[in-house]
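Visitor: Handing you this structure, nothing more for now.
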Amino acid sequence: MTLADLPLPTFTGADLSARVNAALAELRAARTLPSLAALLADATLAYGAGPRAVAAGDTIRVARQGLAYAVAPAGATDHHLATAGGVRLYVQRNARGNLPLLAFGADPTGTASAAAALQKAVVAAVSMGTSHATPGSGDLVEGYPAIEVAPGRYLIDAPIDLNLVEVRTLALVCDDRAIFFGAGTRANGFAVGTKVRRLICRGIWWQNFATALALSTSNQDSSLWTFERCGAQEVNLWLDTGTYDNSRSTTVSLLDCDFRYHVRQLLRCYADKLNIERCWLGIMTETTRLIHANSLISIRDSMFIPAGDGGTGRAYVYLTTDNGAGGTVLDSARGVVLSGNRVSNEGSNPPLVVCDYPRDLAAFSTAPAISIVDNHIVGYHPSPFEAGGEAGIVHLLQYPGLIRFAGNSIHALGNPDSRLVSRAPSLSAEPPLGFVIDMDDATYRAAQFLAGEVSSYRIASESLRGAIRNPDPWTFRGLLEDGFLDTGDTATAGRKKASFRLRTGRLDLTFSTPVSFLLQLQGTSSGYDGAGSSVYAVTVNGYIDGGGVKRNRVAWTKLHGGPFGALETVNADLVSAHWGTADTGATQAENAAELTLTFTWGNGLDHGLARIVPLSQRNPRYGDAPR
């Protein structure tokens, strides 16, 4: 009963007794002290009788910070705070339904440690949580109050143990910015936990930690970690997700975050999905691999601001098969997407992506894919990842499934050794079947003049030229970029030849899929007073001869062309199309998975050029069946 329950203006007898008891209860329940320090130092509040008596369930308020507490039973052991007089208190939620960290005694000036207060807040949030099983599936839907952190600086001199009460959901939120900083010089971590399924951090800044967050999910399905308006500075490692086995069923999202200064490593991530959007990413002299991940990585609409200081072994994104437990693992859902970012600065800087993740050929997978799309890349000078090696925006330690460049604005890229795609000296010179570097026309043409010195035409490593805009990487092997063939001389003066390898039975040698393509041939004399050009339709067909032997036959038809210039004797007419690498050869050959096809052409030529353009190509989804 409260005063509101007794509206009569005067009271007698039983009414008077009820009135007095209600007034006493209300006075007891409306205790207000000026500050938290005053409350904790208070020795007048006491259980039982007396002018300052309190009972379990009473409310005590702190005016200055707007905090509220419920009086715990006198024998409680799970209370959050206690007054000097022995009154035990539970922190109450604020008007937003959150638990204020200040209410647990955290010092916002950073003078005293806030670690114990934050640990208590975490335990309290878990104790107030709810969990309900959904109908049908039985999945748990959990709800916990957020820990609200007031703007300030909080010293965390020992890591918060999220395993103490098996924290599955944790939210740390600040409307402005709250800074958690470690003791000494990067001497300790901020938090550790192995079963954190839901994590939300908003407006939090971490500074001066060894490993700020060492967390995993124990591979709980549909785990989600989200960081909004967060940041870090002077940390050795900001977030370590443990191992692939413990964290793969997780999505980690960084939104509107700032990681520019003195972050030696931002992430060691083994989650299924890593999303980074609208963030500042800085790589400093002390940084090696800013993001070390076995994940599907998406970085969008962000700023890459390098420090202009190069060095070997450094990368923005290092895509790896590392499983975090000393071994390796291949996963078909891995790759990197960079989209809508600005990448800039002067000086020597690391590759944007280093790929140490091979395509799983046994699984016939095109993963991982590396996609560099709609970025503005200006003044970016990638330095070699390995001493004495090449430099590239994408550097290959292993061959991925594909690399894609499209819609990028590129200006002033690199030095004479810079490329869009470079490879490790130790990497096999022969890319795997189907590997392709796909570029749109704008990127391809611009890169010819912007990769390295002007007119150097160094788009990628020499051994990777055949993967650049290969018209059909499953069929044509040993090309140069964009379907061009490597041209050489023959024993006959004035005649040129070019070879490439043709896959005629990629999976099943009982079928030699028909292959048709245009062959463009050109050439000029040494004085350029004579030239020739011609176009042929070329077809390769498989058949079985009278002896039951599977064979391939090449045939061609001239469509257009002739001599040009003052010397009408100079031409680029096809002389022979044959199997093998010799100047001449047979048009028929016994079937094999791969055969070398050579063209010889021309008369009076000192310079020659050859290019193929497919008319039909095999799509791997249809195997080797003719189309």
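Visitor: For the range 230-350, with every protein chain kept in place, what is the accessible area per residue (1.4 Å probe, Å²)?
Guide: Details: 3870 Å² over 121 residues.
Ligands and nucleic acids excluded, the result is 32 Å² per residue.
Visitor: Given the rule -39500 (n - 2.57) for each run of at least 4 DSSP H residues, summed and divided by the residues of the chain, what is its mean residue ellipticity at 222 nm, to the nearest 500 deg cm²/dmol?
Guide: Values: 5 runs with 50 residues, N = 627.
One gets -2500 deg cm²/dmol as the mean residue ellipticity at 222 nm.
Visitor: Next question, about the same structure. Calculate what fraction, in whole %, of the accessible area of the chain sits on carbon and sulfur atoms when a 1.4 Å probe is rolled over the protein chains. Intermediate results must be reported in sequence, preceding the final value.
Guide: Values: 13590 of 25910 Å².
Roughly 52 percent, rounded to a whole number.
Visitor: Considering only C-alpha atoms, what is the centroid distance from the range 553-592 to the range 82-133, in Å?
Guide: The distance from the Cα centre of the range 553-592 to that of the range 82-133 comes to 83 Å.
Visitor: Could you work out the relative contact order of the chain, using alpha carbon pairs under 8 angstrom and six or more residues apart, expressed as a whole percent? Each step should come with its number before you reach the end.
Guide: Values: 1784 pairs, mean separation 34.1, N = 627.
Computed over the chain, the figure is 5 percent.
Visitor: How about residue 497: which aspartates and glutamates have a C-alpha closer than 15 Å to its C-alpha, ignoring those fewer than 8 places off in the same chain?
Guide: Correct list for residue 497: 486, 489, 573, 583, 606.
Visitor: To the nearest 0.05, how large is the calculated FRET efficiency for residue 133 and residue 404 if R₀ is 56 Å and r is the Cβ-Cβ distance? Mind dumping the intermediate values first?
Guide: Values: r = 44 Å, r/R0 = 0.78.
Efficiency, from the Cβ-Cβ distance: 0.80.
Visitor: Can you give me the solvent accessible area of residue 269 with a 1.4 Å probe, rounded to the nearest 10 Å²?
Guide: That residue has around 0 Å² of solvent-accessible surface.
Visitor: Which of the listed residues, 548, 527, 569, is farthest toward the dipole's positive end in the range 522-578, when Lys, Arg count +1 and Asp, Glu count -1 at the beta-carbon?
Guide: 548
Visitor: What is the angle, in °, between the Cα long axis of helix 13-29 and the longest principal axis of the Cα atoms in the chain? Nearest 10 is fine, range 0 to 90.
Guide: It works out to around 40 degrees.
Visitor: Which ³J(HN,Hα) values, rounded to whole Hz and listed in residue order, are derived for the range 189-200 from phi using the Karplus coefficients 6.51, -1.76 and 1.60 in 6.51 cos²θ - 1.76 cosθ + 1.60 with θ = phi - 60°, glycine and proline given as x?
Guide: Ordered by residue, 3J(HN,Hα) equals x, 9, 8, 10, x, 10, 9, 7, 8, 10, 9, 10 Hz.
Visitor: Using only Cα atoms, find the angle between the long axis of helix 441-450 and the longest principal axis of the chain, and express it within 0 to 90 degrees, rounded to the nearest 10.
Guide: Here the helix axis deviates by roughly 90 degrees.
Visitor: If you take the charge dipole of the chain about its Cα centre, with +1 on Lys and Arg Cβ and -1 on Asp and Glu Cβ, which of 99, 49, 587 is farthest toward its positive end?
Guide: Projecting each Cα onto the dipole axis, the largest value belongs to 49.
Visitor: Using 0.36 nm times the number of residues separating residue 555 and residue 305, minus their current alpha carbon distance, what extension gain do you get?
Guide: On the way: separation 250, 0.36 × 250 = 90.00 nm, distance 5.53 nm.
So the extension gain works out to 84.5 nm.
Visitor: Choose one of 194, 237, 143: the residue whose Cα lies farthest towards the positive end of the charge dipole of the range 135-238 (beta-carbon charges +1 Lys, Arg; -1 Asp, Glu; about the Cα centre).
Guide: 237
Visitor: Pairing the Cα long axis of helix 115-127 with the longest principal axis of the chain, what angle in degrees results, from 0 to 90 and rounded to the nearest 10?
Guide: 90 degrees
Visitor: Around residue 66, under 13 Å between beta carbons, what's the net of Lys plus Arg minus Asp minus Glu among the other residues? Let's see the in-between values first.
Guide: Values: positive: 61, 64, 93, 96; negative: 148.
Once positives and negatives cancel, what remains is +3.
Visitor: Follow-up question, since we're still on this one. Given Cβ point charges of +1 (Lys, Arg) and -1 (Asp, Glu) and nothing else, what value in debye, to the nearest 20, does the dipole of the chain about its Cα centre take? The partial results should precede the final answer.
Guide: Numbers: 53 positive and 57 negative charges, 167 e Å.
Around 800 debye, computed over the chain.
Visitor: Using a cut-off of 25 Å between alpha-carbon atoms, which lysines can reach residue 120, once sequence neighbours fewer than 8 places away in the same chain are excluded?
Guide: List returned: 195.
Visitor: Taking the simple approach of a point 7 Å from Cα along Cα-to-Cβ for both residue 501 and residue 328, what is their distance in nm?
Guide: Taking the simple label geometry, residue 501 and residue 328 are separated by 2.2 nm.
Visitor: Something else: Taking 0.36 nm per residue of separation and subtracting the Cα-Cα distance, what length does fully extending residue 493 through residue 161 add?
Guide: Result for the pair: 111.5 nm of gain on full extension.
Visitor: Can you give the net charge of the other residues whose Cβ lies under 15 Å from the Cβ of residue 562, counting K and R as +1 and D and E as -1? Mind dumping the intermediate values first?
Guide: Values: positive: 558; negative: 568, 573.
Summing Lys/Arg as +1 and Asp/Glu as -1 gives -1.
Visitor: Can I ask one more? What does the charge count around residue 83 come to, taking other residues whose C-beta lies under 14 Å from its C-beta (Lys +1, Arg +1, Asp -1, Glu -1)?
Guide: On the way: positive: 31, 52, 61, 88; negative: 42, 58.
So the environment of residue 83 carries a net charge of +2.
Visitor: Mind giving me the nanometre distance, one decimal, between the label points for residue 32 and residue 52, set 7 Å out from Cα along Cα→Cβ?
Guide: Reported label-point gap for residue 32 and residue 52 is 1.8 nm.
Visitor: Leaving out ligands and nucleic acids, note down the accessible area per residue over the range 75-185 with a 1.4 angstrom probe, in whole Å². Please list the in-between numbers first.
Guide: Numbers: 4950 Å² over 111 residues.
Per residue, the range 75-185 has 45 Å² of solvent-accessible surface.
Visitor: Expected output is a single nm value to one decimal: the length gained when fully extending between residue 76 and residue 516, i.e. 0.36 nm times separation in residues minus the C-alpha distance. What is it? Can you show the working numbers first?
Guide: Working: separation 440, 0.36 × 440 = 158.40 nm, distance 8.45 nm.
Working it through step by step, the gained length comes to 150.0 nm.
Visitor: What nm distance separates the two modelled labels at residue 98 and residue 441, each placed 7 Å from Cα along Cα→Cβ?
Guide: Computed distance between label sites residue 98 and residue 441 equals 5.3 nm.
Visitor: For the pair residue 41 and residue 222, what calculated FRET efficiency results from E = 1/(1 + (r/R0)^6), where r is the Cβ-Cβ distance and R0 = 41 Å, to the nearest 0.05? Walk me through the numbers on the way to the answer.
Guide: On the way: r = 47 Å, r/R0 = 1.14.
For residue 222 and residue 41, the calculated efficiency is 0.30.
The values are calculated or read from the model by the stated rules, or taken from the named source; none is laboratory data. Computed from a predicted model, the values in this text were never measured in an experiment. Glycine also receives a Cβ, built like all others from the backbone with ideal geometry; neighbour counts cover every protein chain displayed. Surface accessibility is based on the protein's heavy atoms, side chains included, excluding ligands, DNA and RNA. Shrake-Rupley method; radii C 1.70, N 1.55, O 1.52, S 1.80 Å.
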